[in-house]
Amino acid sequence: SGVELRPYAADMAASLVRAANHPEITRFTTDQFPMPYTMTDAEAWIAFARGSEPPINYAVYLDGMLVGGVGGAAGSAETTGTCEIGWWIGPEWWGRGITTAAACALVDELFAERGLMRLFAPVMGPNAASARVAEKIGMHLDGIEVSHYLKRGVRYDRLSFGMTRRDWLARG
């Protein structure tokens, strides 16, 4: 499919800004994803992502071009062995299966290399495309948290998708 995950590198900042600086990306993301997406934002994100060894956040490349990102936040203490995952891709690449391929590669990496027991992905209710990605990579809808998010003055439900190591192994 030409989709590749690469650890973030300092020389990716300009490409990251080019891919991430689209208001449509942030329509249904948390406000942690800045808009506009500036060079300062890209440099800060890359520095953060490079602070994790082995990497847990990756740039998504399609045919040599940075088009999005996937990654996670590993649990600790009582939630050790779990990881919240997420994904985004520039709108010009929507609807081509790129996000699903990248998210699937991330899931495989996290379960195979990290020994994790559970992955979960929160999705803002109206984000049908992200919900479809979660389902396509083998996640199940664990529950709906009503009116969880407040985004631009509107309340949205949080769809909580999850997948266990057993689910992943059964997927083959």
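The values are calculated or read from the model by the stated rules, or taken from the named source; none is laboratory data. From a predicted model like this one, the values you see are computed outputs, not experimental measurements. Here the Cβ positions follow ideal geometry from the backbone for every residue, glycine too, while neighbour counts run over all protein chains shown. Just so you know, the surface numbers come from the protein's heavy atoms only, side chains and all, with ligands and any DNA or RNA stripped out. Shrake-Rupley method; radii C 1.70, N 1.55, O 1.52, S 1.80 Å.
If you check 132, 50, which single one turns out to be surrounded by 13 or more Cβ atoms within 10 Å (Cβ to Cβ), more than 12 Å from the chain's Cα centre (by Cα) and under 22 Å from residue 155 (Cα atoms)? So that I can check it myself, show each step before the final result.
Working: 50 fails: under 22 Å from residue 155 (Cα atoms).
Just one listed residue meets the conditions, 132.
Answer with yes or no whether residue 63 is farther than 22 Å from residue 127 by Cα and surrounded by fewer than 12 Cβ atoms within 10 Å (Cβ to Cβ).
Numbers: farther than 22 Å from residue 127 by Cα: yes; surrounded by fewer than 12 Cβ atoms within 10 Å (Cβ to Cβ): yes.
So residue 63 fits the description; yes.
Which of (1) more than 16 Å from residue 102 (Cα to Cα); (2) in contact with a Leu (Cβ under 7 Å, 6 or more places away or on another chain) is the odd one out, the single condition residue 33 does not satisfy?
Residue 33 satisfies all of (1) more than 16 Å from residue 102 (Cα to Cα); (2) in contact with a Leu (Cβ under 7 Å, 6 or more places away or on another chain) except (2).
Scan the range 75-88 residue by residue and report those that are surrounded by 15 or more Cβ atoms within 10 Å (Cβ to Cβ) and either over 13 Å from the mean Cα position of the chain (by Cα) or among the hydrophobic types (A, V, I, L, M, F, W, C) (or both).
Hits for the range 75-88 are 75, 82, 83, 85, 87, 88.
Identify all residues within the range 25-47 that are open to solvent by 80 Å² or more (accessible area, probe 1.4 Å) and either at pLDDT below 95 or assigned to a loop (DSSP other than H, G, I, E, B) (or both); write none if there are none.
If the condition is that a residue be open to solvent by 80 Å² or more (accessible area, probe 1.4 Å) and either at pLDDT below 95 or assigned to a loop (DSSP other than H, G, I, E, B) (or both), then 27, 31, 32, 36 are the ones that fit.
Select, from 73, 121, the only residue that is at pLDDT 95 or above and within 24 Å of residue 15 (Cβ to Cβ).
Values: 121 fails: within 24 Å of residue 15 (Cβ to Cβ).
Of the residues listed, the single one that is at pLDDT 95 or above and within 24 Å of residue 15 (Cβ to Cβ) is 73.
Looking at 118, 158 in this structure, which one is touching a residue at least 12 places away in the same chain (Cβ under 8 Å), under 20 Å from residue 57 (Cα atoms) and of a type in the set (Lys, Arg)?
Working: 158 fails: under 20 Å from residue 57 (Cα atoms).
Of 118, 158, the one residue that is touching a residue at least 12 places away in the same chain (Cβ under 8 Å), under 20 Å from residue 57 (Cα atoms) and of a type in the set (Lys, Arg) is 118.
I'd like to verify a number: residues in the range 89-123 that are open to solvent by 40 Å² or more (accessible area, probe 1.4 Å), in contact with a helix residue (DSSP H, G or I) (Cβ under 8 Å, 6 or more places away or on another chain) and part of a strand (DSSP E or B), how many?
Total satisfying the criteria: 1.
Output the number of residues of the range 127-152 satisfying the condition of being assigned to a helix (DSSP H, G or I) and in contact with a helix residue (DSSP H, G or I) (Cβ under 6 Å, 6 or more places away or on another chain). Spell out how you get there, then give the answer.
To start, the set of residues in the range 127-152 that are assigned to a helix (DSSP H, G or I) comprises 128-136.
Narrowing further to those that are in contact with a helix residue (DSSP H, G or I) (Cβ under 6 Å, 6 or more places away or on another chain): 133, 136.
The number of residues fulfilling the criteria is 2.
Search the range 153-172 for residues being hydrophobic (A, V, I, L, M, F, W, C) and assigned to a strand (DSSP E or B), and hand back the single one that is surrounded by the fewest Cβ atoms within 10 Å (Cβ to Cβ).
Step one: of the range 153-172, the residues hydrophobic (A, V, I, L, M, F, W, C) are 154, 159, 161, 163, 168-170.
Within this subset, residues satisfying the condition of being assigned to a strand (DSSP E or B) are 154, 159, 161, 163.
Values: 154: 8, 159: 22, 161: 22, 163: 23.
Selected residue: 154.
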